[in-house]
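Here's the structure we're looking at; comments come further down.
The values are calculated or read from the model by the stated rules, or taken from the named source; none is laboratory data. Quick caveat: nothing in here was measured; it's all calculated off a predicted structure. All Cβ positions, even for glycine, are placed from backbone atoms using ideal geometry, and neighbour counts span all protein chains on display. Areas reflect the complete protein model, heavy atoms only, side chains present, ligands, DNA and RNA absent. Shrake-Rupley method; radii C 1.70, N 1.55, O 1.52, S 1.80 Å.
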Amino acid sequence: MAVKELVALEKCLGLNSGKYSSRAQGAGKIPVLQTNKGPSLVGLSTIASHLVKEAKKEELLGSTAEEKAIVQQWLEYRISYIDRASSKEDIRNVLNDLNHYLKDKVFVAGNTVTLADILIYYGLHPVITGLSVQEKETYINVSRWFSHIQNYPGIRQHLPSLVFIKNRIYASNH
Amino acid sequence: MGFGDLKSPAGLKVLNEFLADKSYIEGYVPSQADVAVFDALSGAPPADLFHALRWYNHIKSYEKQKSSLPGVKKPLGNYGPVNIEDTTGSTAKDTKEEDDDDDIDLFGSDDEEENEESKRVREERLAQYEAKKSKKPALIAKSSILLDVKPWDDETDMAKLEECVRSIQMEGLVWGASKLVPVGYGIKKLQIQCVVEDDKVGTDVLEENITAFEDFVQSMDVAAFNKI
């Protein structure tokens, strides 16, 4: 999963495909990138950050110090909360967190797309796929952000585009 | 289309609702559509309209490259939810007329704020109509029926058959002219006209009574049925 995601990210950044493997760590698997120079890189956000620098698209890590911090924070969130969400309760908490956070934001950090948007989008894709129309409307801010990111040129890659419709039949309470 | 008056709280509310599931006014990138709506606002929306405020802050970040954003600026009335009428008056005259054709609200009344005067006039007319209706004598619904009565064979006495049929007396039933129509092989059927009051006589009852003369009548059909 994580390896597939990194390949998509490479394509999105316009890089050639690297050599990946995955290593079991604890309950899950973490991706490993074998680079030409130096030791191999371990972990999703480490590799992703490396790829961004490789592609010379540093603005994806945030343009101000504050944005950089926010991007790092959400990359961490992606790994420690979204990837480890195992029960329905965990998923609901993640969605609630994000729904609240995205209420006044178009992108996760700042006013441009960042690595945090891309990786959270990849991480949430299977979760959002499983949501009902009604749930999608409950997490309206997540839905809006998600459909925005999936329509952002180059990000979606192989993932199927999900449909969001605003149902006006029942009263929404967001 | 349109948001109504974007300087009023109602217009802002429409904008807020519209932006709940959208990041931009049109599509997925900032465009002149956003600039047009942005410019129409008098300032940042209030904090409780967080969708509108989020969008406002986001578009504000494009301030410097405002003119280089893609798209062509259209009149304000061309943006926003489809079911809201444009009140900005910015749409060109001809497009407005077109809109009128499209926006027929089938379920809404055309003037929601009915004033006292029109209400009074309407009630007056209603009363007049009621009075007129009560004066009119109730119409009795009648039907003219043409019956085909068929005998068993050519030996059936048609005069006797007609006599039998005409002997049926019911309230609201009047027998009319009759004639014998040849069917073939010397057999003739009786065609007889009658006028009935719909409420009192039904064709079922009629058929039952006529076919009761089983010695003469083989079957009976309604050839024609006309409301008078």
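Structure data summary
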| quantity | calculated |
| --- | --- |
| Residue A:76, sole failed condition from (1) in contact with an Asp or Glu (Cβ under 9 Å, 6 or more places away or on another chain); (2) closer than 30 Å to residue A:14 by Cβ | (1) |
| Subset of the range A:83-96 that is modelled with pLDDT of 90 or more and open to solvent by less than 70 Å² (accessible area, probe 1.4 Å) - its residue that is nearest to residue A:139 (Cα to Cα) | A:95 |
| Test result for residue A:68, without any contact (Cβ under 8 Å) to a residue 40 or more places away in the chain, basic (Lys, Arg), out of contact with any Phe, Trp or Tyr (no Cβ under 8 Å at 6 or more places or on another chain) and over 15 Å from residue A:149 (Cβ atoms) | yes |
| Residue selected from the range B:5-39 under the condition touching a helix residue (DSSP H, G or I) at 6+ places or on another chain (Cβ under 7 Å), open to solvent by 10 Å² or more (accessible area, probe 1.4 Å) and farther than 26 Å from residue B:68 by Cβ, by the criterion nearest to the other protein chains (Cβ to nearest Cβ) | B:21 |
| Residue ID - modelled with the highest pLDDT, chosen from residues in the range B:191-202 that are farther than 17 Å from residue B:178 by Cβ and not hydrophobic (A, V, I, L, M, F, W, C) | B:197 |
| Hits in the range A:97-119 (condition: among the polar types (S, T, N, Q), open to solvent by 10 Å² or more (accessible area, probe 1.4 Å) and touching a residue at least 40 places away in the same chain (Cβ under 8 Å)) | A:99, A:112 |
| Considering residues of the range B:45-64 that are among the basic types (Lys, Arg) and open to solvent by 50 Å² or more (accessible area, probe 1.4 Å) only, the residue farthest from the other protein chains (Cβ to nearest Cβ) | B:64 |
| Hey, residue B:42 in contact (Cβ under 8 Å) with a residue 24 or more places away in the chain, open to solvent by 30 Å² or more (accessible area, probe 1.4 Å) and not in a helix (DSSP H, G or I) or not | yes |
| Members of the range A:46-73 that are open to solvent by 60 Å² or more (accessible area, probe 1.4 Å), farther than 14 Å from residue A:9 by Cα and not in a helix (DSSP H, G or I) | A:63, A:64 |
